[in-house]
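Enquirer: My questions will all concern the structure given below.
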Amino acid sequence: MSMLCRWIGLVLQSFHLQALASVDTKPKPEEGLWTGSLAGRSVLVCLQRDTATDSEYQPGFFDLRTGKLIRLRPDPTNETQWLQDDPKDAAMRWVFKVQGDRLQGAAISDTGSRSAPISLSRFRVSHRPDHQSCSPRESLFDPKVFTHKILVGQEKTLQDKRYRVLTAKGKDISAIELIGDTAPIKQMNRWFANQLREDLNEAFNCPDSEARDAGVSRTYNPQNFDSRMEPLFWSDRWLSILVHNSSFCGGAHTNIFFRYQTWDLASGREIDLWRWFRGQSQGKISIQSQEFRYGQTAPDGLNRLLVKKAVALRLARSKGGKTNPEQCLEALRTNNEYLVYLSQGGMTFIPDFNYAGLGCAEDIETSLDEITPFLNSEGKRQVAAIKAASNP
C-alpha cells in the first residue's frame, strides 16, 4: 500500500510541476518590447518576468533622451502591477492595461500625489516572437538602436505606386516606406520601420575583425553588414518584396538572410502564399548554414513543373560555354523546396538552397494558369481575383 501511495504521490507531483511549468513559461500580456511615452518623454520599455538574478536581463525602461536605464520589477503582492526602482521615484508604481499591441496606464506614487501617463505600442518584427527577452544580446533593448538617425529618401515608383527608401545614417541598411494614409499602409510601414531597427541592431552586434580580436563588441564596419528591402510586385491588392541582408561576423563564410514577403494591402498583414496550395501549412523559419529562410516543399506536380523550368533555364544559361550546367543540374533536379512571391507574370519560385548552392538558384517564373491545378479553394479564389483585376 505504501508503494502505491508513493507512486500516486509522484504522479500527482508530476502533474503539479507540469501545471506550474505551463503557468511559468507562458508570457504575460505585458511581456516584451515596447516603445512610446512616459510623462511625455520618449521611452523604450522591456518587461520580462524572469526569476533569474542574472544582470543579463534588465527589465525596465530607457529614457531615449538621456539613455538612462531605470529598472522595473513585478510587484510581488500584485501581479498586474510593476514597481519602478529609480532612486528618485522609489515609490512609483506602474498600473496599466494591455489591449492587443497597446499598453495604457500611469506611473503612480503610493500616496497618489503624483501620476505620469504611460502610452506604449508593442515593438513587432515579422520573424521574431512578440514576447522578446530583455537581454541586450537577444533583443533590441538598446537605446542606440532607437535613437540612430533615419534618413528619408526621394520618392520612387513601381507599377505607378509610390514609396520612399529609409536608410540608417552612415550604414548600408535600408527599408521601404509606402506613401499613403490608409490604416493598412500605416500598419505595414510600422512593420517595415521595425525591420530596419532590427537590422540596425544586428549590425551593431556584428563587430569588424579588429574589434572582435580586441574583445570590443557593438561596433560597426560597413563592409561587414548590409541590408535592404526592395519591392518586386505591386498591385491594388498585393505587394511582394525582397528582404535581404548579408553579414560577415566571423565564421567560414558570409551569412545570408533573405526571404520574399507578400503583403495584403487590404488588411496590412503579411500572408503566406504557400497556404494557397493544396496540402500546405504555414511556412516556418528554417535554419541551415546560418541562413534564415521561409522555404516550403512544393506539391509533387508543381515540383515537376518547377524542376523542368529550372533545368531549362540553367541549360540556356550555359550556352556559349559561360557556365558548366553539370555543377547545378543535379541540385536543381533533386530540389523540392522553394521561396515564392507574386510577380508580373504570375508567381516566381526560387530554389531554397543553402550558402553553397546559392549560385545554382534560378528565378522560375510561372503563369497563374500553370499553377492553378495545384491550388486549394482559397488559392483558386485569390488567383481568380488577380486575373479579374488585371483584365477589367
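Enquirer: Go through the range 257-278 residue by residue and tally those that are within 14 Å of the chain's Cα centre (by Cα), of a type outside the set (Asp, Glu) and closer than 16 Å to PRO231 by Cβ.
Expert: 7
Enquirer: If I go through the range 85-100 residue by residue, how many of them are surrounded by 13 or more Cβ atoms within 10 Å (Cβ to Cβ) and at pLDDT 90 or above?
Expert: 5
Enquirer: Separate question: Say we look at the range 132-163 and pick out the residues that are modelled with pLDDT under 80 and surrounded by 18 or more Cβ atoms within 10 Å (Cβ to Cβ); which of these is farthest from ILE185 (Cα to Cα)?
Expert: PRO136
Enquirer: For the range 164-179, how many residues meet the condition of being surrounded by fewer than 16 Cβ atoms within 10 Å (Cβ to Cβ) and modelled with pLDDT under 95?
Expert: Number of matching residues: 2.
Enquirer: Which members of the range 41-65 meet the condition of being modelled with pLDDT under 95, under 21 Å from ARG102 (Cβ atoms) and in a loop (DSSP other than H, G, I, E, B)?
Expert: Matches in the range 41-65: GLN48, ARG49, PRO59.
Enquirer: Suppose we keep only residues that are among the basic types (Lys, Arg) and in a loop (DSSP other than H, G, I, E, B) within the range 109-131. Which one would you say is modelled with the lowest pLDDT?
Expert: Just the residues of the range 109-131 that are among the basic types (Lys, Arg), to begin with: 114, 122, 124, 128.
Then drop every residue that is not in a loop (DSSP other than H, G, I, E, B), which leaves 114, 124, 128.
Working: ARG114: 88, ARG124: 85, ARG128: 63.
Filtering the range 109-131 for residues that are among the basic types (Lys, Arg) and in a loop (DSSP other than H, G, I, E, B), the one modelled with the lowest pLDDT comes out as ARG128.
Enquirer: Another question about this same structure. Got a sec? Which of GLY320, GLY346, GLY283, GLY279 is crowded, with 16+ Cβ neighbours inside 10 Å and modelled with pLDDT under 85? Working first, answer last.
Expert: Numbers: GLY320 fails: crowded, with 16+ Cβ neighbours inside 10 Å; GLY346 fails: modelled with pLDDT under 85; GLY279 fails: crowded, with 16+ Cβ neighbours inside 10 Å.
Of GLY320, GLY346, GLY283, GLY279, the one residue that is crowded, with 16+ Cβ neighbours inside 10 Å and modelled with pLDDT under 85 is GLY283.
Enquirer: Also: Can you work out which of the residues in the range 349-367 that are touching a residue at least 24 places away in the same chain (Cβ under 8 Å) and of a type in the set (Ser, Thr, Tyr) is surrounded by the fewest Cβ atoms within 10 Å (Cβ to Cβ)?
Expert: Ranking the qualifying residues of the range 349-367, first place goes to TYR355.
Enquirer: Report yes if GLN154 is of a type in the set (S, T, N, Q) and in a helix (DSSP H, G or I), otherwise no.
Expert: Values: of a type in the set (S, T, N, Q): yes; in a helix (DSSP H, G or I): no.
No: the conditions fail for GLN154.
Enquirer: Are any residues in the range 297-317 open to solvent by 30 Å² or more (accessible area, probe 1.4 Å) and either among the acidic types (Asp, Glu) or modelled with pLDDT under 95 (or both), and if so, which ones?
Expert: Keep residues of the range 297-317 that are open to solvent by 30 Å² or more (accessible area, probe 1.4 Å), which gives 297, 300, 304-305, 308-309, 312-313, 315-317.
Within the range 297-317, THR297, ASP300, ALA312, LEU313, LEU315, ALA316, ARG317 meet the criteria.
Enquirer: Let me ask something else about it. For the list (1) outside any strand (DSSP E or B); (2) buried (at least 16 other Cβ atoms within 10 Å of the Cβ), I need the number of the one condition that VAL340 fails.
Expert: Of (1) outside any strand (DSSP E or B); (2) buried (at least 16 other Cβ atoms within 10 Å of the Cβ), only one is false for VAL340: (1).
Enquirer: Right, here's the next one. Among what's in the range 368-379 and is under 17 Å from ILE271 (Cβ atoms) and in contact (Cβ under 8 Å) with a residue 60 or more places away in the chain, pick the residue that is surrounded by the most Cβ atoms within 10 Å (Cβ to Cβ).
Expert: Selected residue: ILE371.
Enquirer: Of the residues in the range 248-269, how many are surrounded by 15 or more Cβ atoms within 10 Å (Cβ to Cβ) and at pLDDT 90 or above?
Expert: So the count comes out to 7.
Enquirer: Could you list, ordered by first residue, the pairs with Cβ atoms under 7 Å in which the first is in the range 236-247 and assigned to a strand (DSSP E or B) and the second is at pLDDT below 85 and β-branched (Val, Ile, Thr), at least 6 apart or interchain?
Expert: Here the result reads SER246/THR254; SER246/ILE256; SER247/THR254, each pair linking the range 236-247 to a residue that is at pLDDT below 85 and β-branched (Val, Ile, Thr).
Enquirer: Between residues in the range 176-191 that are over 21 Å from GLN154 (Cβ atoms) and residues that are not hydroxyl-bearing (Ser, Thr, Tyr), which pairs lie under 6 Å by C-beta distance while being six or more apart or on different chains?
Expert: From residues that are over 21 Å from GLN154 (Cβ atoms), the pairs are PRO184/LEU265; PRO184/GLY268; GLN187/GLY268.
The values are calculated or read from the model by the stated rules, or taken from the named source; none is laboratory data. What you see is a predicted model, and the numbers here were worked out from it, not measured in a lab. We place every Cβ from the backbone using ideal geometry, glycine too, and count neighbours over all the protein chains shown. Just so you know, the surface numbers come from the protein's heavy atoms only, side chains and all, with ligands and any DNA or RNA stripped out. Shrake-Rupley method; radii C 1.70, N 1.55, O 1.52, S 1.80 Å.
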